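The values are calculated or read from the model by the stated rules, or taken from the named source; none is laboratory data. Since the model is a prediction, treat every value here as computed from it, not as a measurement. For neighbour counting, all protein chains shown are included, and Cβ atoms are generated from backbone atoms with ideal geometry for every residue, glycine included. In case anyone asks, the SASA skips ligands and DNA or RNA and just uses the protein heavy atoms, side chains included. Shrake-Rupley method; radii C 1.70, N 1.55, O 1.52, S 1.80 Å.
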Amino acid sequence: MHARRKAKAETAARLWLYGPATLWIVLATLGVVATALHGEAWVEVDRSRSEVRGSEACRSCHPGAYETWHRSYHRTMTQPVGAPEVVVAPFAGESIDYLGFRATLTGGAAAPRVTVTRLSEDGREDGREDGREDGREDAEPVLAADVVMTVGSHRYQQYLARIDRGGGPEEVWRLPVAWHIDERRWIHMNAAFLEPEGTPGDEDDYLRHLSRWNDNCALCHNTEPVPGLQDSGEFRTELGEIGIACEACHGPASDHLERHRNPIRRMLGAADEGDGSIAHPGRLSARDESGVCGRCHGNRISADVGAVLREGDGFIPGTQLSEVSRPIFRDSELASDPEGSRALFEQRFWPDGSPRLSAYEYQGLLLSPCYQGEEPGGLGCNHCHDMHGEEPALQVRAGRHGDGACLSCHAREELGGAARSGGHGGHGETVTCLDCHMPRTTYGLLQGMINHRITSPDPGALVGRDDQPDACTQCHVERSRSWAASSMASLGLAGTDPAARAPSESESWASRVVLELHGGDPLQRGLATQALARDEATGDPRQRMAWLVDGLEDEYPAVRWMAWRGLKRLAERGSAARSRERSPNLHEALADFDHLAEPSERVLVIDRLRASLGPGAFAKHPERRERLLAKQERVILWIGE
């Protein structure tokens with residue numbers, strides 16, 4: 001009797017101990033089976049019907065991805081004024097004078113305001129309490145606007161204001177001044193584009209880059225933007241989320257969130273590497289994951305521009321970008337204006353078809369031999385870039401810097417000439433794969449950038465031509481193109497025979513980069529300033545600085561800015577920096593130079609720099625410089641930011 005009671009007690013204890021766990025296992029199993037068999041949990045989702053829910057909705061399930069995105073420059077691409085640490089400029093009463101107008105910046109970070117007034121011709125300013133007389137302002141402002149949003153937080157920050165210029169109360173315009181973050185100074189937007197100086201006193205020239213945001217900047221700098229152009233001409237712009245957030249790359253997430261409210265479905269979906277309710281660029285083909293980036297990093301032509309302005313571009317990340325638009329190439333044209341559009345698009349590419357502006361990185365990839373579309377093993381944006389990596393600037397994937405970008409696919413020992421002294425290319429470790437195969441022959445954001453078209457250098461093919469830079473002389477800035485072509489042959493590298501083309505007359509006058517600084521088109525001149533200032537460049541730094549001073553006289557303010565920054569860079573580094581005590585006037589003159597100042601003021605500073613650095617490249621042969629400048633005038637062009 002006692003034994004039976006004891007056995008019953010032990011059974012009851014076991015039930016209390018193991019019963020709940022057993023019941024949980026049974027229920028969980030039933031839940032897994034029910035979820036697995038439930039059609040709606042697995043049916044293909046029509047993602048075109050999904051809606052944007054915002055990055056905060058992603059945070060609870062993906063905290064790590066949220067954190068890396070949150071510290072990225074994508075997040076801060078567009079921001080509303082009023083949020084903490086958004087406005088980086090002081091807005092503390094500074095002013096910037098240009099073309100006979102003065103922009104005054106007030107209100108602080110909480111209530112920034114831009115006021116533009118016209119300066120009178122007599123150069124005096126009356127009625128100021130501080131007694132300044134550096135240019136009188138007329139009473140009526142040309143422009144007075146409260147900043148409501150910012151664009152950019154990395155290189156420079158632009159400012160947006162609501163101004164009804166026929167587009168209704170929701171019409172937003174980019175203002176004509178910006179804050180350069182590294183230099184901590186104001187610049188005029190005319191100087192951020194490669195274009196000639198405007199006419200002093202011309203209001204249209206001054207406001208040239210007062211550009212509408214709703215049907216321009218909004219499309220790439222936000223998540224799921226809908227410009228909302230009405231038949232009346234008014235804009236009712238809507239954003240899925242301000243800035244470039246999760247759903248810009250993964251697509252609208254409402255169906256994904258709804259489906260994954262079920263934790264068992266979420267678990268099974270993770271084991272199955274996704275379920276099609278959201279795009280995961282890392283799991284897409286090179287074609288489709290690159291299309292996610294190409295939506296903004298590759299200027300394109302939409303099939304129906306009117307529909308885009310009304311409803312947005314209709315692209316869903318994870319689908320083919322080509323279904324809604326086609327990328328612009330050198331030979332692209334618009335049906336409405338074939339000849340005019342072709343001439344416009346040609347300016348954005350080098351003669352061989354390589355892009356020469358930023359925002360054409362996607363085209364560079366498509367033109368590269370490493371890109372294989374949907375073929376396995378082909379190159380895509382994700383190979384080198386990681387949107388959720390540790391490095392916000394450029395977002396280069398760990399291990400993909402420099403040679404790492406190429407050696408992950410191309411074994412070093414299998415490259416041509418790998419066994420000889422200096423290895424493939426003959427330069428040893430001083431030169432990376434990117435220096436030769438992705439040279440800095442692209443312009444954007446007031447600086448030179450690497451070209452995303454992967455090519456092999458062939459300076460011999462460009463001997464006798466002045467319309468395109470080559471990779472070799474972007475580093476060997478004191479050398480001619482003929483020298484570069486001959487060096488390719490001596491290193492055993494494939495390339496066009498240098499004797500196959502006759503050099504131009506100017507080839508013997510100066511180095512290739514110096515010729516481009518004086519006689520190239522605006523983009524070539526800007527890139528020449530960048531080449532001369534590079535750490536990797538060969539040649540005496542002070543000689544390069546003397547050549548750069550010539551760039552301060554350029555008629556394009558953007559080129560003057562780049563030349564000035566190049567001079568500063570060289571003056572602050574290496575042997576030039578060590579000469580600060582010996583050449584204090586050099587550093588003082590650089591601090592005094594203003595690329596937007598009147599020519600008479602700039603000349604005075606340039607003379608001081610010449611006294612410190614010596615004559616320019618053509619001081620002994622001014623007639624050669626004049627011939628190069630005359631060629632400049634025949635290739636004047638306007639080109640993008």
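Matching residues to (1) β-branched (Val, Ile, Thr); (2) on the phi > 0 side of the Ramachandran plot; (3) in contact with a Ser or Thr (Cβ under 7 Å, 6 or more places away or on another chain):
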site: Glu67; (1), (2), (3): no, no, no
site: His74; (1), (2), (3): no, no, no
site: Pro84; (1), (2), (3): no, no, no
site: Ala89; (1), (2), (3): no, no, no
site: Gly93; (1), (2), (3): no, yes, yes
site: Gly100; (1), (2), (3): no, yes, no
site: Gly107; (1), (2), (3): no, yes, no
site: Ala110; (1), (2), (3): no, no, no
site: Val114; (1), (2), (3): yes, no, no
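Here the condition is being in contact with a strand residue (DSSP E or B) (Cβ under 8 Å, 6 or more places away or on another chain) and among the small types (Gly, Ala, Ser); of Gly448, Gly464, it holds for Gly448 alone.
Residues in the stretch 90-122 that are open to solvent by 40 Å² or more (accessible area, probe 1.4 Å) and part of a loop (DSSP other than H, G, I, E, B): Pro90, Ala92, Gly93, Gly107, Ala109, Ala110, Ala111, Glu121, Asp122.
Selection of the stretch 442-460 for residues being among the small types (Gly, Ala, Ser) and open to solvent by 30 Å² or more (accessible area, probe 1.4 Å) yields only Ser456.
Within the stretch 172-203, can you find the residues that are among the polar types (S, T, N, Q) and over 29 Å from Val226 (Cα atoms)? Selection gives Thr199 alone.
What pairs come out if I take residues in the stretch 292-306 that are touching a residue at least 12 places away in the same chain (Cβ under 8 Å) and pair them with residues that are of a type in the set (Gly, Ala, Ser) and in a loop (DSSP other than H, G, I, E, B) whose C-beta lies under 6 Å away, six or more apart or interchain? Matching pairs, first to second residue: Asn299/Ala359. Comparison of Ala502, Ala489, Ala494 shows that the only residue that is part of a helix (DSSP H, G or I), farther than 27 Å from Gln447 by Cα and open to solvent by 20 Å² or more (accessible area, probe 1.4 Å) is Ala489.
Kindly indicate the residue of the stretch 189-225 that is of a type in the set (Ser, Thr, Tyr) and under 25 Å from Pro141 (Cα atoms) and also nearest to the chain's Cα centre (by Cα) among those meeting that condition. Looking at the filtered set, the residue picked out is Ser211.
Cβ-Cβ distances below 7 Å connect the following pairs, each with a first residue in the stretch 142-161 that is of a type in the set (Asp, Glu), a second residue that is outside any loop (DSSP other than H, G, I, E, B) and open to solvent by less than 10 Å² (accessible area, probe 1.4 Å), and a separation of six or more residues or different chains: Asp146/Ala161. Within the stretch 582-590, is there a residue that is modelled with pLDDT of 95 or more, under 19 Å from Glu197 (Cβ atoms) and either surrounded by 12 or more Cβ atoms within 10 Å (Cβ to Cβ) or among the β-branched types (Val, Ile, Thr) (or both)? The answer is no, given that none of the residues of the stretch 582-590 is modelled with pLDDT of 95 or more, under 19 Å from Glu197 (Cβ atoms) and either surrounded by 12 or more Cβ atoms within 10 Å (Cβ to Cβ) or among the β-branched types (Val, Ile, Thr) (or both).
If you take just the helices (runs of 4 or more DSSP H) that sit entirely in the stretch 1-89, which of them hold at least 1 residues that are modelled with pLDDT of 95 or more and of a type in the set (A, V, I, L, M, F, W, C)?
Working: elements: 2-37, 56-59, 63-70.
Qualifying helices (runs of 4 or more DSSP H): 56-59, 63-70.
Restricting attention to the stretch 514-534 and to residues that are of a type in the set (Gly, Ala, Ser) and outside any loop (DSSP other than H, G, I, E, B), the residue that is surrounded by the fewest Cβ atoms within 10 Å (Cβ to Cβ) turns out to be Gly519. For the stretch 424-438, the candidate set comprises residues that are in contact with a Cys (Cβ under 9 Å, 6 or more places away or on another chain) and farther than 19 Å from Met449 by Cα; within that set, the residue that is surrounded by the fewest Cβ atoms within 10 Å (Cβ to Cβ) is His427. Checking each residue in the stretch 197-208 for being open to solvent by 20 Å² or more (accessible area, probe 1.4 Å) and in a loop (DSSP other than H, G, I, E, B) picks out Glu197, Thr199, Pro200, Gly201, Asp202, Leu207, Arg208. For Asp550, the stated conditions hold: it is surrounded by 18 or more Cβ atoms within 10 Å (Cβ to Cβ), modelled with pLDDT of 95 or more and farther than 29 Å from His424 by Cβ.
Pairs are defined by a Cβ separation below 7 Å, a sequence spacing of at least 6 or placement on different chains, a first member in the stretch 614-627 that is touching a residue at least 24 places away in the same chain (Cβ under 8 Å), and a second member that is outside any helix (DSSP H, G or I); the pairs so defined are Ala617/Ala510; Arg624/Trp509; Arg624/Phe618; Arg625/Phe618. Which of the residues belonging to the stretch 570-581 are modelled with pLDDT of 70 or more and open to solvent by 90 Å² or more (accessible area, probe 1.4 Å)? The answer is Glu572, Arg573. A single member of Arg342, Arg287 is in a helix (DSSP H, G or I), touching a Gly at 6+ places or on another chain (Cβ under 6 Å) and open to solvent by 50 Å² or more (accessible area, probe 1.4 Å), and it is Arg287. Candidates in the stretch 258-272 are the residues that are over 16 Å from Glu44 (Cβ atoms) and open to solvent by 50 Å² or more (accessible area, probe 1.4 Å); of these, the one that is modelled with the highest pLDDT is Arg261. Each residue in the stretch 309-331 was checked for being outside any loop (DSSP other than H, G, I, E, B) and either closer than 30 Å to Pro351 by Cβ or open to solvent by less than 30 Å² (accessible area, probe 1.4 Å) (or both), and 6 pass.
Name every residue in the stretch 210-246 that is part of a loop (DSSP other than H, G, I, E, B), under 30 Å from Ala558 (Cβ atoms) and open to solvent by 20 Å² or more (accessible area, probe 1.4 Å), in order of residue number.
Asp215, Asn216, Cys220, His221, Thr237, Ile242, Ile244
Checking the structure you have, find out if any residue of the stretch 372-394 is among the charged types (D, E, K, R) and touching an Asp or Glu at 6+ places or on another chain (Cβ under 7 Å). Looking for residues that are among the charged types (D, E, K, R) and touching an Asp or Glu at 6+ places or on another chain (Cβ under 7 Å), one finds none in the stretch 372-394, hence no.
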